Amino acid sequence: MRYAVISDIHANLEALTAVLKDIEKQSVDQVVCLGDVIGYGVDPIPCVDLVEKHCSIKLKGNHEAAALGEVSTDHYNPAARHSAEWTRAHLNDSARNIISAYVMEHEEPGVYFVHASPLEPTTWRYVLNVDEAGAGIACMPQRIGFNGHTHLPMIFSSYKKNPIRQTIGHSFCPDPETRYLVNVGAVGQPRDNDPRASYAIFDTVEEEITFKRIEYDIKTTQDKMIQAELPELLIARLSAGR
Amino acid sequence: MPEIIVKYEDKVIERIVTEKKRLSIGRTNDNDIVLENRGVSRKHAVIEFNDKAAVVIDNESLNGTFVNNRKVTEEILRDEDIITIGKYSLIYHTQAAPGQGGTEMDGTMVLNTKKHRQLVQNDRMEREIVAKYDGSVLLGEENADFSEFKIDRDIITFGKAKFVNVVCRGFWLSGIQAKLVKEEGGYAIHNMGKKGKTLVNGEVVDYRLVRNGDLITVGKSTFKMVERKD
């Protein structure tokens, strides 16, 4: 099986289109979306529709949960809260129905998918360090897990009783005795100082995980956000990639 | 302590600082430096350190070990030398950059349910605090005059003077020793005083972007940053 794994699109249609175009060339069997299709950007509905069309496995992110009123946005920072309210106001019934069917966790043979952490997926934990990753990996029902949420391409690996290892996302061949939690980075709002859209391919036959970075028309996305009067912080961070 | 910067196709993926006298390099996870890719042998090479020098020794690997683009079987390493193995470059530094710890390789991590529970409990507590104050908060950890302090302005001052926002203890501290300043993407701590020190997670800093869970120490007082997340 060959999976393309995308996450954190954040209503960025240009980034999603560019990534899907690249995926078309990769001969994958399934496209998996790890959630946060919406929020921050101006094109929630087209992005929800495209994900629905191309992805066979769809996970729920905290931005979907917020738009559906399943979680409070009280603790969000002002920019995130403004964008959550904007998104909620701009979704239609069809998009709401689609995202309400997204699942919190999904398992396939040998692989597990979640938006945030395998430890308590519903509390949207950020896996940013080895302690948090170790706790998450220990909860994974499969040896290899994929997540998103932090917008940082990252690999955490756990081999026997060795300390958890943390490396920046890069293409690699998983070791059969090691457990991995692989963050695929963000399609629509990368935060690792590289503004290009990020996604990964997992080939279970070749036993290889490949990280991909894709250029897209950032300026068009930013112009649309300016027109929609979305917070300056959210617009500026796209070209900075952080 | 020596340092190895691991790059994959020109992107830094890992930094290893170690006191070990011998570092094994290979594809399998029982090596000290794991390079999980085809083109790397299971036990590809080792770096041995003694008091005077470091030597890289190829372990009869299939695709070879290169130092500064030259194939080697055994080679003394100099500062900034680049070892190439498959698609990886390992840059050798005789001394790690100051102020950066090397716990990744040498630390131990034991997972147990107690640790899980503690993580979950801390997280829940932090979420409740952030919700209560409707914003980011500093928690007083050591020698602090408060247990919770709402970060309700763009600049928070730390020091010995009475007029600062957060009064800290420590003989060498200046009146204003540090300030926490709102920046794009979060808050950053700036050290201002000359004799006293400001630390983030135990590391002396002049300037550092502070993240959720970071410990800020000014003199003898320590505070934990609990950030409102998005």
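Of note:
- Restricting segment B:45-84 to trypsin sites (Lys or Arg not before Pro) that sit in a DSSP loop and have at most 11 other Cβ atoms within 10 Å of their own Cβ leaves B:Lys52.
- Dipole check for segment A:9-84: with +1 at the C-beta of Lys and Arg, -1 at the C-beta of Asp and Glu, and the Cα centre as origin, the magnitude is about 40 Debye.
- Positive end of the dipole of segment A:106-242 (Cβ unit charges, origin at the Cα centre): among A:His149, A:Pro231, A:Val187, the Cα lying farthest that way belongs to A:Pro231.
- Once the Cα atoms are used to define both axes, helix B:113-133 deviates from the longest principal axis of chain B by about 40 degrees.
- Exposure rule at most 16 other beta-carbon atoms within 10 Å, DSSP loop GluC sites (Glu not before Pro): chain A longest free segment: A:71-176
- Charge context of B:Tyr8, other residues only, Cβ under 12 angstrom, K/R +1, D/E -1: -1
- Loop sites in segment A:100-196: chymotrypsin sites (Phe, Trp or Tyr not before Pro), DSSP, at most 13 other Cβ within 10 Å: none
- Hull-based mean projected area of segment B:9-95, where the convex hull spans the alpha carbons, in square nanometres: 5.2 nm²
- Assigned charges on the beta-carbon of Lys, Arg, Asp, Glu; chain A dipole about Cα centre (debye): 360 debye
- Degrees, to the nearest 10: A:130-139 long Cα axis against longest axis of chain A: 80 degrees
- Sites listed here are chymotrypsin sites (Phe, Trp or Tyr not before Pro) in segment B:139-178 whose DSSP assignment is loop and whose Cβ has at most 10 other Cβ atoms within 10 Å: B:Phe163, B:Phe171.
- Per-residue HN-Hα couplings for segment B:72-77 [Karplus 6.51, -1.76, 1.60; θ = phi - 60°; Hz; x = Gly/Pro]: 10, 9, 7, 8, 6, 9
- Residue-count net charge about B:Val40 - beta-carbon cut-off 11 Å; Lys, Arg +1, Asp, Glu -1: +4
- Each stretch of four or more DSSP H residues adds -39500 (n - 2.57); spread over every residue of the protein assembly as shown, this sum gives -6500 deg cm²/dmol at 222 nm.
- With the charge dipole of segment A:1-148 set up from +1 on Lys and Arg Cβ and -1 on Asp and Glu Cβ about the Cα centre, the Cα lying farthest toward the positive end among the listed residues A:Leu16, A:Pro78, A:Ser94 is that of A:Leu16.
- Mean per-residue shielding of peptide B:130-141 is 1, counting Cβ atoms of other chains within 10 Å of each Cβ.
- Note on segment A:174-217: with charges restricted to the Cβ of Lys and Arg (+1) and Asp and Glu (-1), its dipole about the Cα centre is near 280 debye.
- Theoretical FRET efficiency, 1/(1+(r/R0)^6), r = Cβ-Cβ of A:Ser72 and A:Asn129, R0 22 Å, to 0.05: 0.30
- FRET efficiency for B:Glu142 and B:Glu80, using Cβ-Cβ distance with R0 set to 41 Å, rounded to 0.05: 0.55
- Cα gyration tensor shape of the protein assembly as shown, rounded if a/c is under 1.5, else prolate or oblate by comparing a/b with b/c: oblate
- Annotation for B:Lys11 and A:Asp217: the two label points, set 7 Å from Cα along the Cα-Cβ direction, are 2.5 nm apart.
- Listed values for segment A:221-231 are Karplus-derived 3J(HN,Hα) couplings in whole Hz (6.51 cos²θ - 1.76 cosθ + 1.60, θ = phi - 60°), namely 4, 5, 4, 5, 5, 4, 4, 7, 6, 7, x, and x replaces Gly and Pro.
- Rounded FRET efficiency, nearest 0.05, which uses the C-beta distance separating A:Glu229 from B:Lys52 and R0 of 41 Å: 0.05
No lab work stands behind these numbers, since they all come straight from the coordinates. What you see is a predicted model, and the numbers here were worked out from it, not measured in a lab. Every residue, glycine among them, receives a Cβ derived from its backbone with ideal geometry; neighbour counts consider all protein chains shown.
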